[in-house]
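Engineer: For reference, the structure I am asking about is given below.
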Amino acid sequence: MGGWLMIAGLGPGAETMITPEVSAALAQATDVVGYVPYVERLAPRPGLMRHGSDNREEIRRAEQALQLAADGHRVVVVSSGDPGVFAMASAVFEALEAGDPAWRSLDIRVLPGISAMLAASARAGAPLGHDFCCINLSDNLKPWALIEKRLCLAAEADFAMAFYNPRSASRPEGFARTLQVLRDACGPERLIIFARAVSTPQESIRVCTLAEAQPEMADMRTLVIVGSSQTRRIERDGESLVYTPRSVS
């Protein structure tokens, strides 16, 4: 069998959220390439090489995977969630465009996964039930000024908003600034959801208002969703269900 390259999403954490399509590709793979914690989610087996690397080595990782496939290996590049959402699919295509022209003839496919955004939304109810946008709050690959501009425009358009990478140890001030921008643009009573480690034993879901939100409520395992002006909360049996109606009142 000739080499191929699959770019796969492992879902937000639970094995039950890995799609059958991705499971089938992993069963055929000779090599798995990815960020170390994601590679280690896959059990060792005879005939499988696991290639883990640091989280800031995306292009080098993509180049390694492309070369392995060109050498005849059956390669799966793994990401958490969906590989096309702030993950490895874009990195692989960036490396493909700039790399060895021979790589362009490879069998390359993207296998979708359940994103953290959709898993978090489902746990909370349906906060993304109407128009929404998704923003990566990390300023590693783009300037903070651009993030702030997008936050303001999304608030002006009255989108619900899903935020990836809200707060890390190296940039704790960014999410505090995000919350202030949102309070100024949306008002203090806008609903916000902190969904941490969804589908894992460490899962927690917290619903509050922007006035009540604190930067420390988020970390890099947290997916944050801010509702639109239409988003509502239903209280029942000590928990909140949050949803955004399908139509605008």
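Engineer: If you count, for each residue, the other Cβ atoms within 10 Å and average over each peptide, how do 98-106, 14-22 line up from highest to lowest?
Structural biologist: Top of the packing list down: 14-22, 98-106.
Engineer: Connecting C-alpha atoms closer than 10 Å in a GNM of the chain, tell me which of Leu146, Leu111, Leu191 has the biggest fluctuation.
Structural biologist: Maximum among the listed residues: Leu146.
Engineer: Leaving ligands, DNA and RNA out of it, work out the accessible area of Tyr243 with a 1.4 Å probe and give it in Å² to the nearest 10.
Structural biologist: 80
Engineer: Roughly what % of DSSP beta bridges within region 98-249 run antiparallel, to the nearest 5?
Structural biologist: 75
Engineer: Debye sum, Cα scatterers, region 55-116, no solvent: what log₁₀ I/I(0) at q = 0.14, 0.18, 0.25 1/Å?
Structural biologist: Debye curve over Cα of region 55-116, log10 I(q)/I(0) at q = 0.14, 0.18, 0.25 Å⁻¹: -0.36, -0.60, -1.09.
Engineer: Please work out the Cα center distance from region 222-249 to region 46-91, rounded to the nearest Å.
Structural biologist: What the calculation gives is 36 Å, centre to centre.
Engineer: Still on this structure: If R0 is 35 Å, what FRET efficiency do you get for Ala176 and Ala14 from their C-beta distance, rounded to 0.05?
Structural biologist: The formula returns an efficiency of 0.65 here.
Engineer: Report the equivalent ellipsoid semi-axes for region 99-145 in whole Å, largest first, defined as the square roots of five times the eigenvalues of the gyration tensor built from alpha carbon atoms.
Structural biologist: The answer is 31, 20, 9 Å, longest axis first.
Engineer: List the relative contact order of region 77-156 as a percent without decimals, with contacts defined as Cα pairs under 8 Å and 6+ residues apart.
Structural biologist: 27
Engineer: Relative contact order for the chain: what is it in percent, counting Cα pairs under 8 Å that are at least 6 residues apart?
Structural biologist: 20
Engineer: Also, quick follow-up: Counting only other residues whose beta carbon sits under 13 Å from that of Asp100, what net charge do I get with K and R as +1, D and E as -1?
Structural biologist: -2
Engineer: Could you derive backbone 3J(HN,Hα) for region 81-87 from the dihedral phi with the Karplus parameters 6.51, -1.76 and 1.60 (θ = phi - 60°), listing whole Hz in sequence and x where the residue is Gly or Pro?
Structural biologist: Computed from phi, the couplings for region 81-87 are x, 9, x, x, 10, 6, 9 Hz.
Engineer: What is region 186-249's relative contact order, in percent, from Cα pairs under 8 angstrom and six or more apart in sequence?
Structural biologist: 31
Engineer: Could you go through region 102-115 in sequence order and give the Karplus-derived ³J(HN,Hα) for each residue, using 6.51 cos²θ - 1.76 cosθ + 1.60 with θ = phi - 60°, rounded to whole Hz, and x for Gly and Pro?
Structural biologist: 5, 5, 5, 8, 5, 7, 10, 9, 9, 10, x, x, 7, 6
Engineer: If you filter region 127-235 for GluC sites (Glu not before Pro), then keep DSSP loop positions with at most 15 other Cβ within 10 Å, what is left?
Structural biologist: Glu189, Glu212
Engineer: Can you say what percent of the DSSP beta bridges in region 1-138, counting only those with both residues inside, are antiparallel? Round to 5.
Structural biologist: So the antiparallel bridges in region 1-138 amount to around 5 percent.
Engineer: Using each residue's phi in region 208-225, evaluate 6.51 cos²θ - 1.76 cosθ + 1.60 at θ = phi - 60° and report the 3J(HN,Hα) Karplus result to the nearest Hz, with x for Gly and Pro.
Structural biologist: So the Karplus estimates, Gly and Pro as x, are 8, 9, 4, 5, 8, 5, 10, x, 5, 6, 10, 9, 6, 9, 9, 9, 10, 10 Hz.
Engineer: Determine the calculated [θ] at 222 nm for the chain from helices alone, applying -39500 (n - 2.57) to every DSSP H run no shorter than 4 residues and normalising by the residue count; nearest 500 deg cm²/dmol.
Structural biologist: -8500 deg cm²/dmol
Engineer: What number do you get for the chain when its Cα radius of gyration is normalised by 2.2 N^0.38 Å, N = residues?
Structural biologist: After normalising by residue count via 2.2 N^0.38 Å, the value is 1.09.
The values are calculated or read from the model by the stated rules, or taken from the named source; none is laboratory data. Fair warning: this is a prediction, and the values are worked out from it, not measured in the lab. Please note: Cβ atoms are built from the backbone with ideal geometry, for glycine as well, and neighbour counts cover all protein chains shown. The protein model used for the area step is the full one, side chains on, heavy atoms only, and it has no ligands, DNA or RNA in it. Shrake-Rupley method; radii C 1.70, N 1.55, O 1.52, S 1.80 Å.
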